[in-house]
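Reading through the structure tokens given below for one structure.
The values are calculated or read from the model by the stated rules, or taken from the named source; none is laboratory data. The shown structure was predicted, so the numbers you read here are calculated from the model rather than taken from an experiment. Every residue, glycine among them, receives a Cβ derived from its backbone with ideal geometry; neighbour counts consider all protein chains shown. Note: accessible area is taken over every heavy atom of the protein model, side chains too, but ligands, DNA and RNA are not part of it. Shrake-Rupley method; radii C 1.70, N 1.55, O 1.52, S 1.80 Å.
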Amino acid sequence: MPLYLGLDSSTQSLTAIVIDADADRRAIVYETSLKFDEALPRYGTRHGVLPRTDPAVAVSPPQMWADALDLVLGRVAAHIDVSRLAAISGSAQQHGSVYLNADAASVLARLDPAREPGDQLTRVLSRPFAPIWMDSSTSAECAEIEAAVGGAAALARRTGSRAFERFTGPQIRKFFKHDAEGYAATERIHLVSSFLASLLAGEHAPLDPGDASGMNLMDLGSLGWWPAALDATAPDLFRRLPAVVPSWTVAGHLSSYWQTRHRLPPAKVVVWSGDNPCSLVGTGLVREGLVAISLGTSDTIFGWMRAPRADPTSTGHVFAAPIGGYMGMTVFKNGSLAREQVRDMFGLTWSGFSRILASTVPGNGGGMLLPWFEPEITPPVLRPGVRRLGLAANDGPANVRAIVEAQMIAMALHSRWMGVDIRTIYATGGASANRAILQVMADVFDADVYQFEAGNAACVGAALRAFHADAASSGHDLAWEDVVRRIAEPVASSRVQPDRAARAVYEDLIGRYAAFEAEALAASASSS
Ligand code: ADP
Ligand code: XUL
């Protein structure tokens, strides 16, 4: 029976999950993961990002992602019966872009299997590093693009989002403005997802509409490029972009490089998507009215939507969903790394952090903080800085509770636009292993929270997308409810229930937090 491989190239790590999709034996049969910083120290990244002097700039080396793929595929080949591997798909951190020159097509097709891929790709990069989703250096380009298409609301109506600094269109514009020669030498601009799919297939791969929605370039209605947005971004952009194809398209087959290097079969390479669209599948959110929260490097809250519903507050996004239809999402940059900062400030381990959460009281006696260690996406904060109210900066326990409460309250406030009455939350991402954090989530949202067997729903979603696409390519249109069964289902016994006594506390605190946040935003607007 066939096996399906899902890969997830995230900010900090690369994960592989193999599933056996047989109806009777359906299960995850192999999982492996590596951290970029630890497995590939020669690239010098910290948390997957190159050292930063300007907090607004965040870039990573594309060769590192390629070498990670090589290491992980080597492990997969050593642990599974490769003759059963039918199809591979992937998930990647969204928005990041890789710029390739005219030699890329021939180099991708003829990589030397005796050597690692990263080094061989250096000569095809027309921009040495890839700007990633943590970059917030393109405010000028955002304003220019919005002005050229008739304003932020017009851009949001067509593409699903107003211009955001990390979105690929503004990043492309910045490259064109600051390095016109590099732009001229660029033959193809890939997202991380289509770059890695191209590497697997040995030829330029297309994009799926889910990940293409994170560019400020795609028309959500037609699922094709919106000419006005392309014109507003950079000249002659259309020919540099991959085609946008349905998420279940088979882009090619594993190239001879991988067949020789790791003795893998010519398995189908299914178009990759972004990590959040893949997480929608991996948490089984294939119907309306449910939400998932991913606590990864970024914290995100998202749910499936039948029809696109714009966020009147302009903080959220509407993306095409990889199962058809749409997804609403709100993204926070100060997620896991902000929690880690507080953990490290007070010399704690995660279990110490959890014990504090369990032994401090909801509401923190009114003490609050705004968790803006880094420039924030939601709400938009370009000049970072943690603000505290009724909270001493050196009070470890109170700061631990305050950061998690702030993050959960911000998520509750800024997801209201989705119009979902949240009774149940599916939790995923690295920090979803922490039940003390999930208890604060349950209390703030007054909702039940569930965990999954595999903490990485994006990777599970990629494997399930490979399964679905393999069937679709042989004429079997599987229902998504059937695709996700028994793999993307929450663990029933993992339920974390809200504490009823916390309800009144949080009703009050959410209002006070909203006022505190609004005041801080107004103060920073008036000082700039
Ligand atoms: P990404 O996919 O964005 O690279 P992950 O979903 O793998 O990130 O999450 C990684 C993060 O998970 C780490 O930065 C770490 O802070 C967090 N994490 C891991 N274990 C725990 C834990 N027990 N409690 C809280 N956070 C945790
Ligand atoms: C989504 C976003 C992040 C990245 C990294 O819009 O910026 O969630 O996908 O995970």
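Miscellaneous remarks
- The stretch 107-130: number of residues that are among the small types (Gly, Ala, Ser) and farther than 15 Å from Trp65 by Cα: 3
- Pairs are defined by a Cβ separation below 6 Å, a sequence spacing of at least 6 or placement on different chains, a first member in the stretch 25-49 that is over 15 Å from Asn456 (Cβ atoms), and a second member that is among the basic types (Lys, Arg) and open to solvent by 40 Å² or more (accessible area, probe 1.4 Å); the pairs so defined are Arg26/Arg486.
- Condition check for Asp54: modelled with pLDDT under 95 and in the same structural domain as Trp258 (by TED's automatic domain parsing): yes
- Exactly one residue out of Ala514, Ala502, Ala488, Ala479 is touching a helix residue (DSSP H, G or I) at 6+ places or on another chain (Cβ under 8 Å), closer than 17 Å to Gly284 by Cβ and small (Gly, Ala, Ser), and it is Ala488.
- Arg162 open to solvent by less than 30 Å² (accessible area, probe 1.4 Å), closer than 21 Å to Ser136 by Cβ and of a type in the set (D, E, K, R): no
- Subset of the stretch 423-459 [modelled with pLDDT of 95 or more, within 11 Å of ligand 1 (Cβ to nearest atom) and part of a loop (DSSP other than H, G, I, E, B)]: Gly429, Asn434, Asn456
- Residues in the stretch 120-151 that are under 30 Å from Thr260 (Cα atoms) and either open to solvent by 30 Å² or more (accessible area, probe 1.4 Å) or away from ligand 2 (no atom under 16 Å from the Cβ) (or both): 10 in all.
- Residues (surrounded by fewer than 19 Cβ atoms within 10 Å (Cβ to Cβ) and among the aliphatic types (A, V, I, L, M)) located in the stretch 49-81: Leu50, Ala56, Val57, Leu71, Ala77, Ala78, Ile80
- Of the criteria (1) in contact with an Asp or Glu (Cβ under 6 Å, 6 or more places away or on another chain); (2) of a type outside the set (Phe, Trp, Tyr); (3) away from ligand 1 (no atom under 16 Å from the Cβ); (4) at pLDDT 95 or above, which one Met1 fails: (4)
- Contacts under 9 angstrom Cβ, first residue in the stretch 323-351 being free of Cβ contacts under 8 Å to residues at least 12 places away in the same chain, partner within 15 Å of ligand 1 (Cβ to nearest atom) and open to solvent by 10 Å² or more (accessible area, probe 1.4 Å), 6 or more apart: Glu340/His47; Thr349/Arg343
- Residues satisfying the stated conditions in the stretch 240-296, i.e. within 16 Å of ligand 1 (Cβ to nearest atom), assigned to a strand (DSSP E or B) and not hydroxyl-bearing (Ser, Thr, Tyr): Gly274, Ala292, Ile293, Leu295
- Here Leu337 meets the list (1) hydrophobic (A, V, I, L, M, F, W, C); (2) away from ligand 2 (no atom under 13 Å from the Cβ); (3) open to solvent by 10 Å² or more (accessible area, probe 1.4 Å) almost entirely, failing just condition (2).
- Within the stretch 347-361, the residues that satisfy the criterion of being within 14 Å of ligand 1 (Cβ to nearest atom) and either in a loop (DSSP other than H, G, I, E, B) or surrounded by fewer than 17 Cβ atoms within 10 Å (Cβ to Cβ) (or both) are Leu348, Thr349, Trp350, Ser351, Gly352, Arg355, Ala358.
- Test for Ala501: is it open to solvent by less than 10 Å² (accessible area, probe 1.4 Å) and more than 30 Å from Pro375 (Cα to Cα): no
- Any chance Leu369 is assigned to a strand (DSSP E or B) and touching a residue at least 24 places away in the same chain (Cβ under 8 Å): yes
- Scope the stretch 133-171; condition small (Gly, Ala, Ser) and in a helix (DSSP H, G or I); matching residues: Ser139, Ala140, Ala143, Ala147, Ala148, Ala152, Ala153, Ala154, Ala156, Gly169
- Matching residues in the stretch 101-141 - criterion: being touching a Leu at 6+ places or on another chain (Cβ under 8 Å) and within 30 Å of Glu376 (Cα to Cα): Leu125, Ser126, Phe129, Ser136, Ser139
- Whenever a residue of the stretch 177-198 is over 17 Å from Thr122 (Cα atoms), its partners that are open to solvent by 10 Å² or more (accessible area, probe 1.4 Å) and of a type in the set (A, V, I, L, M), lying with C-beta atoms within less than 6 angstrom and at least six residues away or across chains, give the pairs Ala197/Ala251.
- Residues in the stretch 369-380 that are among the hydrophobic types (A, V, I, L, M, F, W, C) and open to solvent by 10 Å² or more (accessible area, probe 1.4 Å) were compared, and the one that is farthest from ligand 2 (Cβ to nearest atom) is Phe373.
- Residue that is nearest to Met1 (Cα to Cα) [pool: residues in the stretch 27-55 that are more than 12 Å from ligand 1 (Cβ to nearest atom) and among the basic types (Lys, Arg)]: Arg42
- Test result for Thr168, under 20 Å from Ala66 (Cβ atoms), open to solvent by 20 Å² or more (accessible area, probe 1.4 Å) and either within 16 Å of ligand 2 (Cβ to nearest atom) or not charged (D, E, K, R) (or both): no
- Residues in the stretch 402-439 that are open to solvent by 10 Å² or more (accessible area, probe 1.4 Å), out of contact with any strand residue (DSSP E or B) (no Cβ under 8 Å at 6 or more places or on another chain) and under 14 Å from Pro362 (Cβ atoms): Ala412, Ala436.
- Qualifying residue in the stretch 100-120 (condition: within 30 Å of Met329 (Cβ to Cβ) and touching a helix residue (DSSP H, G or I) at 6+ places or on another chain (Cβ under 9 Å)): yes
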